[in-house]
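Engineer: Here it is, the structure in full.
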Amino acid sequence: MTNGQIAVFGLTGGLMPCPAAFTIVLVCLQLKRFALGIFMVAAFSFGLALTLVATGTLAAWSLRHAERRFSGFGTVARKLPYLSGALLILMSLYIGMEGWMHLPPSK
């Protein structure tokens with residue numbers, strides 16, 4: 001990941017509306033303090049964007065550091081999404097089968 005991609009990730013994540021932001025704005029509207037609500041949501045979004053950028057930067061830096069330190073880390077890290085995908089499929093099949101087994105018999 002490049003630094004620009006990390007910055008865009010943080011900014012878009014911080015700009016996405018969330019239920020908490022809508023709740024803050026609605027409460028402030030009810031209290032007739034609209035400006036307070038907007039500034040609170042802006043501060044919340046800025047903090048979230050800053051946190052996402054910092055986390056992404058730390059993750060990219062630690063990945064580069066681990067690749068230099070351990071020779072096979074890059075190839076293992078590239079294959080891990082396949083492992084997590086397979087694990088999710090197995091878990092969903094297990095949960096689906098458990099649900100199917102506990103359905104009442106149809107008449």
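Engineer: Apply the membrane-span-like helix rule to the chain: whole DSSP H runs, Cα extent along the own long axis of at least 20 Å, mean Kyte-Doolittle hydropathy at least 1.0. List the helices found.
Structural biologist: Membrane-span-like by this criterion, though nothing is claimed about a membrane: 34-69.
Engineer: Order these peptides, 53-65, 74-86, by their mean beta-carbon neighbour count within 10 angstrom, highest first.
Structural biologist: Answer by packing, highest mean first, reads 53-65, 74-86.
Engineer: Please compute, over every Cα-Cα pair in the chain, the percentage with a separation greater than 25 angstrom.
Structural biologist: Within the chain, distances greater than 25 Å cover 56 percent of Cα pairs.
Engineer: Right, here's the next one. At a threshold of 8 angstrom on Cα-Cα distance, excluding pairs fewer than six apart, so keeping six or more, what relative contact order does the chain reach in percent?
Structural biologist: So the answer I get is 28 percent.
Engineer: Right, next: Out of Phe39, Tyr82, Thr57, whose Cα points farthest toward the positive end of the dipole of the chain (charges: +1 Lys, Arg; -1 Asp, Glu; placed on Cβ)?
Structural biologist: Value computed over the given set: Thr57.
Every number here is computed from the coordinates shown, using simple stated rules; none is lab data. Model, not experiment: these values are computed from the prediction. When we count neighbours, we look across all protein chains shown, and the Cβ atoms used for this are built from the backbone with ideal geometry, even at glycine.
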